[in-house]
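Structure record follows, encoded as structure tokens.
The values are calculated or read from the model by the stated rules, or taken from the named source; none is laboratory data. The shown structure was predicted, so the numbers you read here are calculated from the model rather than taken from an experiment. Here the Cβ is made from the backbone with ideal geometry for all residues, glycine too, and neighbour counts use every protein chain on show. Please note that ligands, DNA and RNA were not included when accessible areas were found on the heavy atoms of the full protein model with its side chains. Shrake-Rupley method; radii C 1.70, N 1.55, O 1.52, S 1.80 Å.
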Amino acid sequence: QVQLVESGGGLVQPGGSLRLSCAASGSIFSINAMGWYRQAPGKQRELVAAITSGGSTNYADSVKGRFTISRDNAKNTVYLQMNSLKPEDTAVYYCNGQIVTMSPPVESGYWGQGTQVTVSS
């Protein structure tokens with residue numbers, strides 16, 4: 001069993017900042033790529049940012065220069081620092097991890113439960 005648990009969402013004013021965290025736990029052998037996705041009401045889920053096990057990152061054009069993804073491999077945790085938040089960043093944010101389990105030793109994608117981020121004055 002593998003679980004991803006997100007935290008750090010909430011209500012923030014435009015221009016403000018939030019930091020999301022996602023901790024993976026369970027029968028984990030290794031974690032490859034991790035990422036953050038978001039889904040706004042009436043829209044499809046979209047990739048926000050991703051990071052490989054080696055630290056390479058990529059971002060959606062809409063968040064470049066404002067969001068930073070990072071990870072702590074020792075803690076099996078990925079973070080998303082969100083600065084200069086805009087109302088259009090309002091969405092449920094989901095963590096995803098490409099995780100190799102102990103037994104069987106296969107890689108699968110796992111999702112967190114989601115955390116709400118609301119940017120409003």
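Among the candidates S17, S84, the residue that is more than 10 Å from the chain's Cα centre (by Cα) and on the phi > 0 side of the Ramachandran plot is uniquely S84.
Tell me the strands (runs of 3 or more DSSP E) entirely within the stretch 1-107 that contain at least 1 residues that are free of Cβ contacts under 8 Å to residues at least 12 places away in the same chain and open to solvent by 20 Å² or more (accessible area, probe 1.4 Å).
The qualifying strands (runs of 3 or more DSSP E) are 57-59, 67-72.
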